[in-house]
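The values are calculated or read from the model by the stated rules, or taken from the named source; none is laboratory data. Just so it is clear, the model here is predicted, and its values are computed rather than measured. Don't worry about glycine lacking a Cβ; one is built from the backbone with ideal geometry, like all the others, and counts go over all protein chains shown.
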């Protein structure tokens with residue numbers, strides 16, 4: 001966006017916020033409508049480059065970039081930069097008609113060539129969400145306002161992707177620069193980045209754009225503060241220094257609501273799972289045998305994890321499919337009941353009666369001590385000797401998701417409401433959840449049928465695929481987590497279907 005000053009380089013003293021929190025009790029109330037919004041989060045934006053967008057970082061980008069299509073809180077899709085769209089009969093060509101009168105910050109008009117440049121760049125960029133563009137074969141700008149996306153085959157999640165990272169549109173005039181949007185965005189969004197009040201990696205400050213093409217933003221200013229623990233976020237909420245946050249930790253959910261007048265809304269959304277990368281046994285030979293992966297699933301007492309670690313706030317499950325998706329099969333939630341004897345028998349059958357050593361990376365924010373010890377104990381009881389490598393955030397991300405030094409990771413996974421979003425994000429080769437490109441004939445057959453079939457046929461095949469993945473123990477799902485959306489009384493936040501954080505548009509001053 002238009003620069004106002006250089007990016008601040010000094011570190012933000014977050015400790016001051018935490019220390020101050022001890023001096024107050026209960027979030028303050030106000031009769032005036034809020035004009036500023038401060039969001040607390042543990043998800044940092046790597047940059048302001050749309051290639052780096054995705055997941056919980058989406059609100060950073062929604063402030064300064066518009067998407068081609070807008071996703072409403074209930075998951076429905078409405079026009080944004082594209083005012084309309086149509087598919088051809090084969091569902092392999094999507095035609096987008098762009099809105100008129102939209103300009104980038106330098107005054108350049110948004111046109112079809114700019115959209116094509118963004119879609120092409122995203123496909124080539126190799127970002128975490130590049131799988132959203134996996135089915136795009138080519139993009140054409142047929143005139144100034146018309147873009148045609150041609151697909152290698154039907155993609156039931158494409159429209160959804162165009163409301164997400166794949167649909168963000170930045171100014172192509174900056175594409176030829178080195179790291180063009182590392183800290184200076186340039187889009188058509190409802191806010192501008194205030195660089196004087198921004199410290200990359202710690203605090204991002206946005207001010208309302210004066211000449212936004214659409215409805216004016218709900219707040220004059222939005223601040224997103226990054227923390228390394230939820231305790232600090234809760235302290236900020238209780239003192240009113242933070243207006244909104246999504247809390248994952250059950251303990252912190254309790255702390256945020258005890259003796260306060262904060263608004264809360266619960267949402268069962270993300271999945272806690274052991275994501276096995278090494279299904280061919282390249283690093284740990286044992287993991288290449290489905291019987292070993294099944295044994296790991298049988299070894300874990302999911303019901304105890306939900307009762308003791310989640311304090312009942314969640315649902316034990318053996319499937320990665322979310323309950324809103326047609327491919328969800330209720331009985332698969334309990335497919336792997338806790339059965340250590342069965343686990344030991346499977347290990348012996350696979351040639352690992354004496355067990356084996358397993359080392360996994362650990363980020364404390366994702367795997368708290370209680371969960372780490374519970375998994376170590378459950379696996380140890382059947383002979384699998386689990387060792388945790390405790391890592392800081394930067395090392396964890398690099399060694400786990402870029403260098404793939406480990407055979408898998410315990411992490412949070414999304415729960416999309418679309419079957420194809422689950423498939424394209426977790427099962428297709430070279431996705432974050434399948435970095436080694438594993439597949440088999442059943443997966444290939446069923447994914448092809450899901451892409452080409454009617455909604456009813458696709459749902460039936462998705463359930464078959466779900467069952468196959470569970471039976472082959474591609475993953476070790478643990479439980480669906482219940483998150484809590486917390487805001488001060490003068491603010492409302494509507495949860496976003498299929499996403500763990502609300503879209504930036506979902507925040508409003510309370511009536």
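For segment 286-314, name all the residues that are surrounded by fewer than 20 Cβ atoms within 10 Å (Cβ to Cβ), more than 18 Å from residue 368 (Cα to Cα) and in contact (Cβ under 8 Å) with a residue 40 or more places away in the chain. Residues satisfying the conditions are 289, 290, 291. Taking the conditions (1) buried (at least 21 other Cβ atoms within 10 Å of the Cβ); (2) over 19 Å from residue 417 (Cα atoms) in turn, residue 174 satisfies each one other than (1). Might you check whether a residue that is part of a helix (DSSP H, G or I) and in contact with a strand residue (DSSP E or B) (Cβ under 6 Å, 6 or more places away or on another chain) occurs anywhere in segment 148-155? Within segment 148-155, not a single residue is part of a helix (DSSP H, G or I) and in contact with a strand residue (DSSP E or B) (Cβ under 6 Å, 6 or more places away or on another chain). Just one of the listed residues (332, 360, 371) is assigned to a strand (DSSP E or B) and either buried (at least 17 other Cβ atoms within 10 Å of the Cβ) or modelled with pLDDT of 95 or more (or both), and it is 360.
Within segment 370-400, being touching a residue at least 40 places away in the same chain (Cβ under 8 Å) and either over 19 Å from residue 478 (Cβ atoms) or in contact with a strand residue (DSSP E or B) (Cβ under 7 Å, 6 or more places away or on another chain) (or both) holds for 375, 379, 384, 393. Within segment 128-160, the set of residues being exposed (fewer than 15 other Cβ atoms within 10 Å of the Cβ) and touching a helix residue (DSSP H, G or I) at 6+ places or on another chain (Cβ under 6 Å) comprises 144, 153. The number of residues in segment 305-319 being in a loop (DSSP other than H, G, I, E, B) and at positive phi comes to 2. Taking the numbered list (1) outside the structural domain of residue 45 (by TED's automatic domain parsing); (2) closer than 25 Å to residue 99 by Cα; (3) within 26 Å of the chain's Cα centre (by Cα) in turn, residue 141 passes all entries but (3). Put simply, of 500, 433, 473 the only residue that is modelled with pLDDT of 95 or more, buried (at least 20 other Cβ atoms within 10 Å of the Cβ) and either under 24 Å from the mean Cα position of the chain (by Cα) or in the same structural domain as residue 54 (by TED's automatic domain parsing) (or both) is 473. Each residue in segment 113-143 was checked for being farther than 16 Å from residue 175 by Cα, in contact with a strand residue (DSSP E or B) (Cβ under 8 Å, 6 or more places away or on another chain) and assigned to a helix (DSSP H, G or I), and 1 pass.
Restricting 203, 233 to those that are under 23 Å from residue 366 (Cα atoms), crowded, with 18+ Cβ neighbours inside 10 Å and in the same structural domain as residue 257 (by TED's automatic domain parsing) reduces the list to 233.
The set of residues from segment 72-127 being within 25 Å of residue 184 (Cα to Cα), in contact (Cβ under 8 Å) with a residue 60 or more places away in the chain and surrounded by fewer than 18 Cβ atoms within 10 Å (Cβ to Cβ) comprises 101, 103, 106, 108, 121, 125, 126. Which ones in segment 255-266 are in contact (Cβ under 8 Å) with a residue 12 or more places away in the chain, surrounded by fewer than 20 Cβ atoms within 10 Å (Cβ to Cβ) and either touching a strand residue (DSSP E or B) at 6+ places or on another chain (Cβ under 9 Å) or on the phi < 0 side of the Ramachandran plot (or both)? Within segment 255-266, 255, 257, 260, 261, 263, 264, 265, 266 meet the criteria. Does residue 25 satisfy being surrounded by fewer than 19 Cβ atoms within 10 Å (Cβ to Cβ), modelled with pLDDT of 95 or more and closer than 28 Å to residue 247 by Cβ? For residue 25, the condition - surrounded by fewer than 19 Cβ atoms within 10 Å (Cβ to Cβ), modelled with pLDDT of 95 or more and closer than 28 Å to residue 247 by Cβ - is not met. Restricting attention to segment 428-462, the residues that are farther than 25 Å from residue 90 by Cβ and touching a strand residue (DSSP E or B) at 6+ places or on another chain (Cβ under 7 Å) total 1.
Look at residue 204 and say whether it is part of a loop (DSSP other than H, G, I, E, B) and closer than 26 Å to residue 108 by Cβ. No: the conditions fail for residue 204.
Screening residue 43 against (1) buried (at least 20 other Cβ atoms within 10 Å of the Cβ); (2) at pLDDT 90 or above; (3) in contact with a helix residue (DSSP H, G or I) (Cβ under 6 Å, 6 or more places away or on another chain) leaves a single unmet condition, (1). Among the conditions (1) crowded, with 23+ Cβ neighbours inside 10 Å; (2) farther than 21 Å from residue 500 by Cβ; (3) under 22 Å from the mean Cα position of the chain (by Cα), the only one that residue 193 does not satisfy is (3). Looking only at segment 395-418, residues that are farther than 19 Å from residue 129 by Cα and out of contact with any helix residue (DSSP H, G or I) (no Cβ under 8 Å at 6 or more places or on another chain) come to 1 in all. With respect to (1) without any contact (Cβ under 8 Å) to a residue 60 or more places away in the chain; (2) out of contact with any strand residue (DSSP E or B) (no Cβ under 6 Å at 6 or more places or on another chain); (3) under 28 Å from residue 484 (Cα atoms), the lone exception for residue 210 is condition (3).
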